[in-house]
Amino acid sequence: MRVLIADKFEASGIDGLRAAGLDVTSQPGIKGDELRHAIVHSECQILVVRGTKVTADMIDASTQLGLIVRAGAGYNTIDVAAASRKGIFVSNCPGKNAVAVAELTFGLILALDRRIVENVVDLRAGRWNKKDYAVARGLKDRTLGIIGMGQIGQAVAERAKAFEMKVVAWSRSFTDEAAEALEITRLGSPAEVAASCDICTVHVAAAPETKGFINADVLERLRPGSYFINTARADVMDYAALAKVVREKGIRVGLDVFPGEPETATAEYQAEILKAGGVIYGTHHIGASTDQAQEAIAAETVRICAAFKETGQVPNCVNIETKSPACCQLVVRHFDRVGVLAAVLDMLRRAEINVEEMSNTIFQGAKAAVAVIRLHQRPQPELLKSIADMKDMIISVELKPL
């Protein structure tokens, strides 16, 4: 099975893929038409990317591609809808960058509180200004608000405890029981978090439902002079609304993500939010860029690719239909012989009944098996009888509603 790696990838990951019996080609930095050409001519079954965009045109051009792995958490650079139309799996490596992003989050918080950037700039310019910089609030006993309590949000909450901070949080699936276990306070909405904290940090994933999620309604609830951190994705928030609260409420801001970031590692770029004035610090989308995180992501990528090669199953798959359109389930216990399932499926085809999902489990000794076939409409009793009447192949037939 051939793997094409289209971004910088850890040597340990390349070695791991080869050790798993995969034929690996590494072409870091290829993009656009060059990547499309490489996908086609390499005849790769697996494509591994980090930040490189994978477009519908690239996906449609391939006849061999079966899996796209985002060696990282977010997958908004991949046209998932196009992959789904062609039956191509899309997978990612969630949580493997959690420690790295949490560390950067606190780096930005501490930098804002002590105004470290301005300290360094003035010192390098030959200016000593202890008068202004000897004023800081500190973190102990202050309230940290976390919006998004996935693995990154939880890693941030753990580190907040080391600074003896109070923590309030919101997340769609975050329960009172989970909050109690983490010894933090769950609030009812992002706006409540913003209104209740001294420092607000965002850790929601980029998805259609989170686009612009942190909007003016949330940002305007921030306390005057509070801090706001976004190390998640630029798409999840309204940067114009952020600029407004910076000007009007003196919000200090730490950002690792920006709208319209360059696709290349180095480029000319002007971040509009920096024109808002005030104290705004920015890093270059480096949240996951630590050795620890990249090694963890590489190992997870190897696990995903190896599982796909050996079993056809894809860990962390993001484009499997969560709600099947099937209305009933046909359970067929049968002898493990050639042509049994082909005969059953042919009868369903002739009845114009579509199979939505299917599995077949072999029992010890390989004499019998059970097929579970989920169907989009209920078969007529006559069809069920016809299947059951194949006594040389069929043990029993049962139809269950879903």
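Each reported figure results from applying straightforward, stated rules to the coordinates on display, with no laboratory input. Note that the structure is predicted; figures quoted are calculated from it, not measured. A quick note on method: Cβ atoms are made from the backbone with ideal geometry, for glycine too, and the neighbour counts reach across all protein chains shown.
Net charge of the neighbourhood of THR231, taken over other residues with C-beta under 11 Å away and scored Lys/Arg +1, Asp/Glu -1, is -1. For segment 328-401, a crude dipole built from +1 on the beta carbon of Lys and Arg and -1 on the beta carbon of Asp and Glu, taken about the Cα centre, is about 120 debye to the nearest 20. Relative to the longest principal axis of the Cα atoms of the chain, the long axis of helix 32-42 makes an angle of roughly 30 degrees.
Give the residue from LEU399, LEU348, LEU375 lying farthest towards the positive end of the charge dipole for segment 328-401; charges sit on Cβ (+1 for Lys and Arg, -1 for Asp and Glu) and the dipole is referred to the Cα centre. The listed residue farthest towards the positive side: LEU399.
Rounded to the nearest 20 debye, the dipole size of segment 98-287 about its Cα centre is 800 debye, using +1 on the Cβ of Lys and Arg and -1 on the Cβ of Asp and Glu.
Per-residue Karplus couplings for segment 172-177, computed as 6.51 cos²θ - 1.76 cosθ + 1.60 with θ equal to phi - 60°, are listed in order as 4, 9, 7, 9, 4, 5 Hz, Gly and Pro entered as x. Taking Cβ atoms as reference points and 10 Å as the exclusive limit, the residues near THR143 contribute a net charge of +1, counting Lys and Arg as +1 and Asp and Glu as -1.
Result for the chain in a Gaussian network model with C-alpha springs under 10 Å: among SER359, SER91, SER289, the largest mean-square fluctuation is at SER359. Taking square-rooted eigenvalues a ≥ b ≥ c of the alpha carbon gyration tensor, is segment 328-401 rounded, prolate or oblate, where a/c under 1.5 means rounded and, failing that, a/b exceeding b/c means prolate? Verdict is prolate for segment 328-401. Adding -39500 (n - 2.57) for every DSSP H run of four residues or longer, then dividing by how many residues the chain holds, sets the calculated 222 nm ellipticity at -10500 deg cm²/dmol.
Taking the charge dipole of the chain about its Cα centre, with +1 at Lys and Arg Cβ atoms and -1 at Asp and Glu Cβ atoms, the residue from HIS203, ALA19, PHE335 reaching farthest to the positive side is HIS203.
What is the dipole size for the chain, taken about its Cα centre, with +1 at each Lys and Arg Cβ and -1 at each Asp and Glu Cβ, in debye to the nearest 20?
500 debye
For segment 311-369, what does the alpha-carbon gyration tensor say about shape, rounded, prolate or oblate, given a ≥ b ≥ c as the root eigenvalues, a/c under 1.5 as rounded, and a/b over b/c as prolate? Here segment 311-369 falls in the oblate category.
The residues GLU356, GLU398, when put in order of fewest to most other Cβ atoms within 10 Å, stand as GLU398, GLU356. The alpha-carbon of LYS275 sits under 17 angstrom from the alpha-carbons of these aspartates and glutamates, leaving out residues fewer than 8 places away in its chain: GLU118, ASP238, GLU248, ASP256, GLU261.
Springs between Cα atoms under 10 Å define the GNM used for the chain, and in it the highest mean-square fluctuation of VAL218, VAL49, VAL344 occurs at VAL344. Among LEU139, LEU187, sorting on how many other beta-carbon atoms sit within 10 Å of each Cβ, with the fewest leading, yields LEU139, LEU187. Since only GLN64, GLY95, GLN364 are under comparison, the one whose Cα sits farthest along the positive direction of the charge dipole of the chain, derived from C-beta charges on Lys, Arg, Asp and Glu, is GLY95.
Taken along its three principal axes, the alpha carbon spread of segment 34-125 comes to 58, 28, 19 Å, from the longest extent down to the shortest.
Pick out which of VAL332, VAL54, VAL135 has the largest mean-square fluctuation in a Gaussian network model of the chain, springs linking Cα atoms closer than 10 Å. Looking only at VAL332, VAL54, VAL135, the biggest GNM fluctuation is shown by VAL332. Among TRP170, TRP128, sorting on how many other beta-carbon atoms sit within 10 Å of each Cβ, with the fewest leading, yields TRP128, TRP170.
Taking log10 I(q)/I(0) by the Debye sum over Cα atoms at q = 0.07, 0.08, 0.10, 0.11 Å⁻¹ as calculated from this structure, the corresponding entry among (1) -0.62, -0.70, -0.84, -0.93; (2) -0.46, -0.58, -0.82, -0.93; (3) -0.30, -0.40, -0.63, -0.77 is (2).
Taking amide H as placed 1.01 Å from N in the peptide plane, the amide H of ILE395 sits under 5 Å from that of ARG333, HIS334, PHE335, each at least 5 places away or on another chain. Could you tell me whether segment 110-200 comes out rounded, prolate or oblate from its Cα gyration tensor? Rule is a ≥ b ≥ c as square roots of the eigenvalues, rounded for a/c under 1.5, then prolate if a/b exceeds b/c, otherwise oblate. Prolate, since a/c reaches 1.5 and a/b exceeds b/c.
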